[in-house]
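Written out below as structure tokens is the structure these notes cover.
The values are calculated or read from the model by the stated rules, or taken from the named source; none is laboratory data. Computed from a predicted structure; not experimentally measured. Note that we place each Cβ from the backbone using ideal geometry, even for glycine, and neighbour counts take in every protein chain shown.
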Amino acid sequence: MAETILHIDIETFNELDLKRCGMYKYAEHESSEVLCMAYRFGRHGPLTLWVPRESLPQEIVDKFYELCNDGTEGRIAGGRLLVQPHLPHEVREHVERGGRVGAHNAGFERTVLNGVAGRKIDFPRLTIKQMKCTAAKSRASGLPGALGDVAKALGTHPKMAGGHGVMLQVCRPKKATKKDPAIRWTPENAPDKYVCLYIYCCDDVYAEVDIDYNVPDLVESEQRIWELDQRINDKGVYADIKAIEDIQFLIDRYKEELYQRCMDLTWDFTTDTGVEPTQRARVADWVRANGWPYLSDMQAETVKGLLENDKVPKNVKKVLAIYSIYNAKATSKFEAMRDAVCADGRIRGMFIYHGAGPGRWSSVLVQFQNMARGAIEDPDVAIEACAMRDLTWIKELYPHLDPMKVFASCVRGVLIAAPGKKLVSFDFAGIESRVGAWLAGEEWKVQAFRDFDAGVGPDVYCSGYSKTFRTRLDKEMKDYKKKRQLGKVIELFGIYEGGVGAFQTFAKTYGVKLEEIVEACWSIIPDDIREKATRFADKGGTRGLDRKTFIALDSVKRMWRGEHPATSQLWRDLKEAAYYAITTPGSVYSVPNKKIMYCVRDRWLYAKLPSGRKIAYFEPEVDEEGVVSYMGIDTDSRRWMRVSTYGGKQLENVDQGFSSCLLRKAMRDIDEVWHDTLIMSVHDEAVMEVDEDLDILQEVIRLACAPRNYTKGLPLAAEGWEARRYKK
């Protein structure tokens, strides 16, 4: 028989802001305290709310039972209240014998109960292996991560509405006043708030249990990855606190300078006021009133476009530049690191299992997955220079760079190995392009990767540029780097069936100007392709681009597809397989090469990858026009809604999903050899912290690229480095 799971939810008090400091720093703070814990054994066991106190005001007890037995609400009918300072025996016995413990975002319950708050109530130590996380398995099943959002999507027991705000009030210090000098809410001075908190906590357990029994469990291999994720989060990354403080000091000084410059430029002598760079709306009004009335909004892309527009007046550009630099997100990571660093100098809890895309990690706190590209080649020098805390020296050392770009280039470098240790990193090379070509059976490209790995051919971005523009490209040529970057843009937008819009997005991301693309390709576009692109522009419009640029971009799209017939066919095959799987539930449909299979089971469409792992799509549908859709998070609005898909998007999912499988397998193999040395996973890279005299880089790369029984013919390669500071 399956083991009975103890489902729990805790509400805690802490002087720190959990969102800013993260759960590990939160858990080690001396003010950390468990206010209550709701628990339930199995699906049908009675729900108990334990309050670790000697007593509660009688009005709270009466109100709690009144709400529990309210026939109208009926939300936690039968719930019991247990008020006693010591942990309930049934809970202690279950945890001490290693029984499974379920929670939503189980890492929080485990970390807090193993920390200061747990020690105050003598809670037995929880191990990673005995934890079950309903948030993790929800994300792995294509559902949202937040408890209320999952329940709403499933139609299961809903999370209590309106209780979150009260919970935040009770769980944080309050502002004392003369009339009310108390520094926190207590059951004695806020009985109504605590009744709400207790009901809210109980309700979360009901919602959690319902989710647990309506969402498939993680398969064993995925459970092991989640456990590895938890150990990586537990270990954390060592931070160079001195460097962070030095750089933040210079950022603050530079912001003071920018602030004053903005005030001077916008000063109105009739009112004796200026515009502060933090005042978004006032900056916009000033721009419209002082030379550029056409400003539509203050989005980053809009501001960037105006700074590159020769028609915008210089005074307006100066103010917009200050606004953009002052509010840059990249340098905010230093403050985030400072807020989250634990007592031993490590930052923990930054990675979320299955938090992004089809199985990749996402980040919180420091946001590793969206770190800015460095503008300087050697951040170590800049970090050393920042130690002088001399802004003038930074400006002299990097005269052609804005200081904020120098600081942003140091973000990775302030994450370091602990004393006596070093960082070892491996990163799969061009993994999505390699996997995409292999999945499609694009043999010429697979061979191009093999040739490059053997040292007898160019990389795929160079070969892609050469093949698309029908010209040779090598390192000795003028503008090699720029043309290779263009080749990268073409490759990344092309492989996933991107059109002109995707081309524009990738060009902005990688710093390629559209006019450079037009210049590179216009004279060599075949007449038949130019004619098709022209007719397409005449029929559908140019989407805000000038006619020549649109025709050039659409022509490049057509040229790329012409050189990639197998990839173009795979888009159609994937779409067809998903369509038939949805319209005939229970049947398995695969693409012709058998590497990807689709099948509908219960409420999910599954895409089975070559590794055996499945990507889940919740409540799939096919409309009258044959368009496949499912319920998911829309990438633009970040809203849970019905999302349509197509062959190129499906390829992106299975490509990134399988690339993630390769990284996961490599990390598991590495962890078996060098246990508890992994500290980060960023995109297709994993980072270890090992003894500084350990020479393992080549062995790590060999292990990461080792053939698997499901990778026959796939040309894998990885790059790596060893250093004290993290770098890219």
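Look through TYR606, TYR598, TYR579 and report the one residue that is in contact with a Cys (Cβ under 7 Å, 6 or more places away or on another chain), more than 18 Å from LYS712 (Cα to Cα) and of a type outside the set (A, V, I, L, M, F, W, C). Talk me through it step by step, then tell me what you get.
Numbers: TYR598 fails: in contact with a Cys (Cβ under 7 Å, 6 or more places away or on another chain); TYR579 fails: in contact with a Cys (Cβ under 7 Å, 6 or more places away or on another chain).
Exactly one of TYR606, TYR598, TYR579 is in contact with a Cys (Cβ under 7 Å, 6 or more places away or on another chain), more than 18 Å from LYS712 (Cα to Cα) and of a type outside the set (A, V, I, L, M, F, W, C), namely TYR606.
Here VAL195, VAL215 are screened, and the one residue that is crowded, with 21+ Cβ neighbours inside 10 Å, part of a loop (DSSP other than H, G, I, E, B) and of a type outside the set (Ser, Thr, Tyr) is VAL215.
With the structure loaded, tell me whether ASP246 is of a type in the set (D, E, K, R), in contact (Cβ under 8 Å) with a residue 12 or more places away in the chain and not assigned by TED's automatic domain parsing to the domain that holds THR392 or whether it fails that test.
Numbers: of a type in the set (D, E, K, R): yes; in contact (Cβ under 8 Å) with a residue 12 or more places away in the chain: yes; not assigned by TED's automatic domain parsing to the domain that holds THR392: no.
Considered against the rule, which asks whether it is of a type in the set (D, E, K, R), in contact (Cβ under 8 Å) with a residue 12 or more places away in the chain and not assigned by TED's automatic domain parsing to the domain that holds THR392, ASP246 comes out as no.
Quick check on my filter: what residues within region 506-515 are touching a residue at least 24 places away in the same chain (Cβ under 8 Å), closer than 17 Å to GLY494 by Cβ and part of a helix (DSSP H, G or I)? LYS508, LEU514, listed by residue number. Of the residues in region 619-628, none is assigned to a loop (DSSP other than H, G, I, E, B), over 23 Å from SER568 (Cα atoms) and small (Gly, Ala, Ser).
Step by step: first the residues of region 300-350, then only those that are aliphatic (A, V, I, L, M) and in a loop (DSSP other than H, G, I, E, B), then the one that is modelled with the lowest pLDDT. Which residue is that?
Taking region 300-350 first, the residues aliphatic (A, V, I, L, M) are 300, 303, 306-307, 312, 316, 319-322, 325, 328, 330, 336-337, 340-341, 343, 347, 350.
From what's left, in a loop (DSSP other than H, G, I, E, B): 312, 328, 330, 343, 350.
Details: VAL312: 93, ALA328: 89, ALA330: 86, ALA343: 97, MET350: 95.
Restricting to residues being aliphatic (A, V, I, L, M) and in a loop (DSSP other than H, G, I, E, B), the top hit is ALA330.
Looking only at helices (runs of 4 or more DSSP H) that lie completely in region 363-479, which have at least 3 residues being under 30 Å from ARG558 (Cα atoms)? Write out each step before concluding.
On the way: elements: 379-386, 391-397, 403-408, 431-440, 443-453, 460-469.
Answer list for region 363-479: 431-440, 443-453, 460-469.
Take TYR200 and decide whether it is closer than 30 Å to LYS137 by Cα, buried (at least 20 other Cβ atoms within 10 Å of the Cβ) and among the hydroxyl-bearing types (Ser, Thr, Tyr).
Details: closer than 30 Å to LYS137 by Cα: yes; buried (at least 20 other Cβ atoms within 10 Å of the Cβ): yes; among the hydroxyl-bearing types (Ser, Thr, Tyr): yes.
Here the answer is yes, as TYR200 does meet what is asked.
Looking across region 1-48, the residues that are assigned to a helix (DSSP H, G or I) and crowded, with 21+ Cβ neighbours inside 10 Å come down to CYS21, GLY22, MET23, TYR24, LYS25, TYR26, ALA27. Any idea which residue in region 85-114 is farthest from the chain's Cα centre (by Cα), counting only those that are assigned to a loop (DSSP other than H, G, I, E, B) and under 19 Å from ASP229 (Cα atoms)? Ranking the candidates gives ARG100 first.
Taking the criterion of being farther than 30 Å from ILE352 by Cα, touching an Asp or Glu at 6+ places or on another chain (Cβ under 9 Å) and modelled with pLDDT of 95 or more, would at least one residue in region 231-245 satisfy it? Write out each step before concluding.
We begin by selecting, within region 231-245, every residue farther than 30 Å from ILE352 by Cα; these are none.
Scanning region 231-245 turns up no residue that is farther than 30 Å from ILE352 by Cα, touching an Asp or Glu at 6+ places or on another chain (Cβ under 9 Å) and modelled with pLDDT of 95 or more.
A search for C-beta distances below 9 Å between a residue of region 636-651 that is touching a residue at least 60 places away in the same chain (Cβ under 8 Å) and any residue that is surrounded by fewer than 18 Cβ atoms within 10 Å (Cβ to Cβ) and polar (S, T, N, Q), counting only pairs 6+ apart in sequence or on different chains, returns THR645/SER629. Residues in region 375-427 that are within 30 Å of GLU699 (Cβ to Cβ) and touching a residue at least 40 places away in the same chain (Cβ under 8 Å): 19 in all.
Restricting to region 652-696, what's the tally of residues that are surrounded by fewer than 19 Cβ atoms within 10 Å (Cβ to Cβ), free of Cβ contacts under 8 Å to residues at least 60 places away in the same chain and under 17 Å from GLY612 (Cβ atoms)? Adding up the residues that qualify gives 1. Scanning region 599-658 for residues that are out of contact with any Lys or Arg (no Cβ under 7 Å at 6 or more places or on another chain) and among the basic types (Lys, Arg) yields ARG601, ARG603, ARG613, ARG638, ARG639, ARG642, LYS649.
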